[in-house]
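Enquirer: Mind looking over this structure? Questions follow.
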Amino acid sequence: MPEGPEIRKAADAVEKALKDREVLDISFAFETLEGYEDILTGATVTGVDTKGKAMLTRFDNGYTIYSHNQLYGKWMIRNAYNYPKTNRQLRLAIHNEKKSALLYSASDIEVLRDEEVPDHPFIRKVGPDILSETVTKEQLRERYTSKRFFRRRWTTLLLDQSFVAGIGNYLRSEILFLAGIHPSLRPIDSTPQQIEKATEATITLMEQSYRYKGITVDPDIAERMKAEGKTRNQYRHWVFRRSFQPCHICRTKIEKMEAGNRRLYYCPTCQAL
Ligand SMILES: [Zn+2]
């Protein structure tokens, strides 16, 4: 399941193919949207924003395409009018002189006026997206200590898209590890230092994972392990998917548990109760 950094990468690819180019042709698979084909043809794409797992393709004539990939949606970028061989259903195709951006299998596609975007039910409830918006450490700290959230467990909070958009299962384990927070705790049980580290880790891990293609461990550690012949799965994370492996900080064996029906990994020493 893609998390924020992977979604932003996909949005970058769509943006690179479409931005600042005039739409030659656009087609929607859904009848209810066909009326927008004429409106968007000839418009220029100004950018592609993400809001958690939703993507907002912006046009210069006041319209935005909202799309949410749910579990199956997938964007593919091709040279103009080249279609990949796939059994997937094509749901949206945007063509310009050079490229075609093709959205397959997604069922959640809408066209909105720009001013309607903030009131869209998903956009309205989703939390800040660190990779698409300016979110300061102070704003995040305020959120982590707000009444709305601070009595809930970290493990459920971090996966709640209305808290921070784009955190998924691997980022959850990694943030708690870097913050030294035991998985059973809530923000209200945590020290100010732990809260501070959790806000920092949320920002730095999202950005690092985006920049280093999903690698969240210190890049020097990843390089060293790679040189030792370890696989990407072995060197990618601090704790995630590393059961029984030694912690990179203290050498304690990493443990695995279930939290909210999803697996979570932690170091019993670095994240002691
Ligand atoms: Zn440790």
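The values are calculated or read from the model by the stated rules, or taken from the named source; none is laboratory data. As the structure is a computational prediction, the values presented were derived from the model and not from experiment. Every residue, glycine as well, gets a Cβ built from its backbone with ideal geometry; the counts of neighbours run over all protein chains shown. The accessibility values were calculated without ligands, DNA or RNA, using every heavy atom of the protein model including side chains. Shrake-Rupley method; radii C 1.70, N 1.55, O 1.52, S 1.80 Å.
Enquirer: Residues being open to solvent by less than 20 Å² (accessible area, probe 1.4 Å) and within 16 Å of the ligand (Cβ to nearest atom): count how many of those fall in segment 223-273.
Expert: 10
Enquirer: May I ask you to say which residue of THR145, THR155, THR136 is modelled with pLDDT under 95 and surrounded by 15 or more Cβ atoms within 10 Å (Cβ to Cβ)?
Expert: THR145
Enquirer: OK, next. MET206 passes all but one of (1) without any contact (Cβ under 8 Å) to a residue 60 or more places away in the chain; (2) under 22 Å from GLU6 (Cα atoms); (3) part of a helix (DSSP H, G or I); which number fails?
Expert: (1)
Enquirer: Give segment 178-195 a look and list any residue that's open to solvent by 10 Å² or more (accessible area, probe 1.4 Å), closer than 16 Å to LEU264 by Cβ and not small (Gly, Ala, Ser), or say none.
Expert: Across segment 178-195, the qualifying residues are LEU178, HIS182, LEU185, ARG186.
Enquirer: Here is a follow-up. Of all residues in segment 214-253, count the ones that are in contact (Cβ under 8 Å) with a residue 40 or more places away in the chain and of a type outside the set (Phe, Trp, Tyr).
Expert: 5
Enquirer: With respect to TYR210, determine if the residue is touching a Pro at 6+ places or on another chain (Cβ under 6 Å) and within 16 Å of the ligand (Cβ to nearest atom).
Expert: Criteria not met by TYR210.
Enquirer: Still on this structure: As an exercise: evaluate ILE175 against (1) open to solvent by less than 20 Å² (accessible area, probe 1.4 Å); (2) under 28 Å from LYS53 (Cβ atoms); (3) in contact with a strand residue (DSSP E or B) (Cβ under 9 Å, 6 or more places away or on another chain); (4) at pLDDT 95 or above and give the number of the one condition it does not meet.
Expert: For ILE175, the exception is condition (3).
Enquirer: If you don't mind, another one. Give the residue that is farthest from VAL111 (Cα to Cα), with candidates limited to residues of segment 36-68 that are open to solvent by 50 Å² or more (accessible area, probe 1.4 Å) and touching a Phe, Trp or Tyr at 6+ places or on another chain (Cβ under 9 Å).
Expert: Filtering segment 36-68 for residues that are open to solvent by 50 Å² or more (accessible area, probe 1.4 Å) and touching a Phe, Trp or Tyr at 6+ places or on another chain (Cβ under 9 Å), the one farthest from VAL111 (Cα to Cα) comes out as THR46.
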